[in-house]
Amino acid sequence: MSSENSQPTVYREVTFAAIALGILQGIIMTAAFTYAGLQLGFTIGGSTLAAIMGFVLLRVFLGKGSIAENNINQTIASGINTTAGGIIFTLPALFLMGHLGQSWEKDFPVIVSIVLSATAGSFLGVAMIIPLRKQMIDFERLRFPSGSAVAVILKSPGAGMKKGILMIVGTLLSSALALAIHIHYLPHDWNFGELLGLPGYTRSAVYLSLMNLGAGLLAGRGGLPMLWGGILAYWILAPLAVSFGFAPTLVGPEVTAAEQSAHLTSFTYFQLLRPLGIGILIGGAIMGVILALPVLKNVFRSLSQVSQTMDDENPSDELNMKVIYLAVIGCFLFITATCLHLEPDLGIGKSLLVSFAGLVWMFFAGMIVAQCTGMTDTSPLSGMSLIAVTLILFLSGSKVMLTIVIGVTVCVAIAQCADMMQDLKTGFLIGGIPVRQQTVQLCVAWIGPLVSVAVVCILWKYGMEQHGFGPGTKLQAPQADALQAIIVGLQEGNAPLMKYLSGGILGALVTLLPVGGIGVLIGLAMYLPFSITLGYGLGCLLNMAIVKIKGLEWTEDWVTPLAAGLIVGEALMGLGTALHSMGVFGG
């Protein structure tokens, strides 16, 4: 064989265009998905959107762009926006509890600490999951459904323009509907329960949100447990609780029907459904950990040899282990320093204990979340986050500020673990070089926390209704509200522990069913607003109907890009109206 023929093929991969486009898309999606997460209570991955727009912009407008180059673009974009998930589950609780948002001069040092903590978690989440790439992708061949779907998009550059147009159409449609609702041409909810004469505690309304519908369209059959959880909570358990007297009624001749309805609606949610849902969520997450233990034995076995295989056998494929060790040690020291900075009276001993516990949970939970994502595409991130925050609250002696700040670090790290492995699966399927994906995602890991924290602060200060988010506003922040309920209950000694325990047992049992992530999804649905859960479930059912009629390939080609646009359009319009209230656009 001639030396000329033995030369490897050179193709575009890590280029300025891919990096710049990935960063731009990542910033936009992080801002949009932070808003969306506060509204819906769950997050959406951005890889699909970034991959579609990558072909439109790289190939059509720039006249170039390889599959591998677009993969770098989507890796950067998704790596940046993934951090929003960890932040919206934790940080807003500080605003809801009054620890932030009162005086921005006093808040600024804490906000800086939060951004730095989230950045540390982002770096660590990317780095510490890298040694498991060979085990999860090369050896176990986990499916990573979303990563595999993105690989299909990347391999079909000819369809890039069509999908880009569909995504733009979806963006315009959802933006228009969101604007109509914002200027009060349409209501936020369609309350069909009133038309049917159903009691208020059944929460029988559908949130008029194409973003919510689009999320369900993307999830398909895998998201159905969310719908079943909402139906179980509001159409079965709530009526049973009222019928059997578990929800006491108001008595007295002066009590009106409206007051009675409001009382039952409040009681069934805050005293029954929310604590039960939190318990189911945590129980499902814990059972997920237990079920994953046999698989994790192989992971730990492979880790004992990983430093030699990465640095000696194939050094060009993986990031050097020295970088990973540096990230782990640096994050550990940073968490310790943060503990001492925020709570000097905690002492070096307790600070080291909190740091070590947080680091261990990051690694363990990160593996579990990556494993679950690889097998079923469902992530128990919220359950793992609640466990992490409860653990830190206990170890720190109920230091709320410190608990949430370290909780941000842990949650962002866990979210990054799943995203990095998902992106590496995409790269594996399209022939990308792992070390290049790993390097670029590490290099941009600081951008997402900065953007997401800034958006949360902006939405709180310049919200359109009352304050920016929380119960009673458009952005209900249900995850942070649940976290607040747990912390306040534990602090005041009146946490509904029996309901948490009952829910935990139920969540553990249903997780044994052969449906991926069912316990976590049902628990999540029980404390999310039912109008959101119902709209999301309708999107799932619509996806299933389209797949049955037109087939999976047609659905992926036409419905997926449209649904991605529905999500982004409404989120950007909502964020834009908040910025308009600041006078950014002359308002």
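Helix 434-443 versus the longest principal axis of the chain: what is the Cα-based angle in degrees, 0 to 90, to the nearest 10?
Approximately 60 degrees, to the nearest 10.
When ranked by the protection proxy of mean other Cβ atoms within 10 Å per residue, highest first, what sequence do the peptides 141-151, 363-373, 68-78, 247-257 form?
The packing order, highest mean first, is 68-78, 363-373, 141-151, 247-257.
Which is farthest toward the positive dipole end of segment 63-148 among Thr83, Asn71, Phe108, measuring Cα position about the Cα centre, with Cβ charges +1 (Lys, Arg) and -1 (Asp, Glu)?
My answer, from the dipole projection, is Asn71.
I need the peptides 112-123, 192-203, 226-237 ranked by packing, meaning the mean over residues of other C-beta atoms within 10 angstrom, with the highest value on top.
Working: 112-123: 23.7, 192-203: 15.8, 226-237: 21.4.
In decreasing order of mean packing, 112-123, 192-203, 226-237 become 112-123, 226-237, 192-203.
For the chain, what does the helix formula give at 222 nm: sum of -39500 (n - 2.57) over DSSP H segments with n ≥ 4, over the residue count, nearest 500 deg cm²/dmol?
Values: 26 runs with 398 residues, N = 587.
Theoretical 222 nm ellipticity from helices: -22500 deg cm²/dmol.
Angle between the Cα long axis of helix 160-182 and the longest principal axis of the chain, 0 to 90 degrees, nearest 10?
Approximately 20 degrees, to the nearest ten.
On full extension of the chain, what length is gained from Phe244 through Trp558, given 0.36 nm per residue of separation minus the C-alpha to C-alpha distance? Don't jump to the answer; show the numbers that get you there.
Working: separation 314, 0.36 × 314 = 113.04 nm, distance 4.81 nm.
108.2 nm is the gain from fully extending Phe244 to Trp558.
Using modelled amide H (1.01 Å from N, peptide plane; none on Pro or chain starts), what sits under 5 Å from the amide H of Asp189, excluding residues fewer than 5 places away?
Leu208
Indicate the gyration tensor shape class of segment 402-475 (rounded, prolate or oblate), computed on the Cα atoms with a ≥ b ≥ c the square roots of the eigenvalues: a/c under 1.5 is rounded; otherwise a/b larger than b/c is prolate and the rest oblate.
On the way: a/c = 2.85, a/b = 2.42, b/c = 1.18.
Prolate, since a/c reaches 1.5 and a/b exceeds b/c.
Please report, to one decimal in angstroms, the Kirkwood hydrodynamic radius of the chain built from all distinct Cα-Cα pairs.
On the way: mean 1/r = 0.0412 Å⁻¹.
Every distinct Cα pair counted, the radius reaches 24.3 Å.
Could you please report the charge total around Pro187, scoring K, R as +1 and D, E as -1 over all other residues with beta-carbon less than 13 angstrom from its beta-carbon? Walk me through the numbers on the way to the answer.
Numbers: positive: Lys474; negative: Asp189, Glu194.
So the surrounding residues net to -1.
Go ahead and run the numbers for FRET between Ser261 and Ile231, Cβ-Cβ distance against an R0 of 30 Å, rounding to 0.05.
Plugging the Cβ-Cβ distance into 1/(1 + (r/R0)^6) gives 0.90.
Collect residues whose amide H, placed 1.01 Å from N in the peptide plane, falls under 5 Å from the amide H of His99; neighbours closer than 5 in sequence don't count.
none
Can you list the HN-Hα couplings for segment 193-201, worked out from phi with the Karplus curve (6.51, -1.76, 1.60; θ = phi - 60°), rounded to whole Hz and with x for Gly and Pro?
x, 5, 5, 8, x, 7, x, x, 5
With only Lys, Arg, Asp and Glu charged, each at its Cβ (+1 for the first two, -1 for the last two), find how big the charge dipole of the chain is about the Cα centre; round to the nearest 20 debye.
Numbers: 26 positive and 28 negative charges, 123 e Å.
Dipole magnitude for the chain comes out near 580 debye.
Report, in degrees rounded to the nearest 10, the 0 to 90 angle that the Cα long axis of helix 447-461 makes with the longest principal axis of the chain.
For helix 447-461, the angle is close to 20 degrees.
Only the coordinates and a few stated rules stand behind these numbers; no lab work does. Since this is a predicted model, take the numbers as computed values, not measurements. Glycine gets a Cβ as well: all are built from the backbone with ideal geometry, and neighbour counts include every protein chain shown.
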